[in-house]
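Structure, as structure tokens:
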Amino acid sequence: MKHWRRKGERILAKLDRHEAALLRTLVEQLTELFAERESETPQDELAELTGIRTGPATAPRDPVLSRLLPDFHRMDTAEGAEYADSAAALRSLHEPELLAAKQGVAATLLETVPADGGTVSLDEETASSWLSALNDLRLALGSMIGVTEDMPEQLPSDDPRAAQLAVYHWLTWMQDSLLRVL
């Protein structure tokens with residue numbers, strides 16, 4: 001892939017076939033994680049009557065989902081149990097909206113990335129969706145491989161995370177390039 005560029009009102013990039021396939025695969029896997037989390041939503045008769053969606057009150061156990069769907073209120077250990085209920089209530093109320101937004105940007109990326117590679121042509125709104133989806137992919141992959149600030153730019157070739165780190169850097173570069181154009 002070459003840098004994103006602007007042509008009139010459009011934002012363009014060209015993806016190789018393998019780059020498009022990789023992006024699609026990563027987004028599809030992330031979408032599956034989101035669907036699994038959504039399936040954990042409790043059935044709530046009041047929510048069905050009012051149309052107000054609620055989600056799980058507990059944080060995801062999966063470390064990737066936990067990174068993508070963080071607590072809305074982090075308790076200080078000194079705060080005690082009195083704040084646990086508010087943290088659960090905030091998650092229950094806001095997680096469905098956050099999850100829907102993440103699913104939406106993932107769907108936008110899937111709809112606009114050419115399956116066999118080629119030119120990606122985005123308007124500003126769709127480019128913003130791409131930025132969010134790329135960020136989610138980076139956070140997910142970074143959580144899986146344990147990216148930290150002091151992790152080296154490259155891992156030894158015999159490290160099983162080396163290829164994943166290269167993909168992480170590619171996603172970072174792609175996101176940065178798109179952000180610069182916007």
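Just so it is clear, none of the values below were taken in a lab; they were calculated from the coordinates. Keep in mind that this is a model prediction, so the values were computed, not measured. Neighbour counts are summed over all protein chains in view; Cβ atoms, including those assigned to glycine, are modelled from backbone coordinates with ideal geometry.
When the Cα positions of Leu90, Leu12, Thr112 are compared along the charge dipole of the stretch 5-181, Leu12 comes out farthest toward the positive end, with charges on each C-beta of Lys, Arg, Asp and Glu. Could you give the longest part of the chain that holds none of the GluC sites (Glu not before Pro) found in DSSP loops with at most 15 neighbouring Cβ atoms within 10 Å? For GluC sites (Glu not before Pro) (loop position, at most 15 other Cβ atoms within 10 Å), the longest site-free span of the chain is 80-148.
Calculated [222 nm] ellipticity per residue, helices only, for the chain: -19500 deg cm²/dmol; basis is -39500 (n - 2.57) per DSSP H run with n ≥ 4, divided by all residues, nearest 500. Using 1/(1 + (r/R0)^6) with R0 = 25 angstrom and r between the beta carbons of Thr119 and Leu155, what's the FRET efficiency to the nearest 0.05? So the FRET efficiency works out to roughly 0.15. Rounded to the nearest 20, the size of the Cβ-charge dipole of the stretch 5-181 about its Cα centre is 820 debye, with Lys and Arg at +1 and Asp and Glu at -1. Fewest-first ordering of Trp4, Trp130, Trp170 by other beta carbons within 10 Å of each residue's beta carbon gives Trp170, Trp4, Trp130. Taking Lys and Arg as +1 and Asp and Glu as -1, the other residues whose beta-carbon sits under 13 Å from that of Ala20 total -2. In terms of its alpha-carbon gyration tensor, the stretch 113-175 comes out prolate; a/c meets the 1.5 threshold, and the first ratio a/b outweighs b/c. Using the charge dipole of the stretch 5-181 (Lys, Arg: +1 at Cβ; Asp, Glu: -1 at Cβ; taken about the Cα centre), state which of Val27, Ala57, Ala127 has its Cα farthest towards the positive end. Highest projection toward the positive end goes to Ala127. Compared with the direct C-alpha span, the chain from Ala35 to Glu9 gains 6.0 nm at full extension, assuming 0.36 nm per residue.
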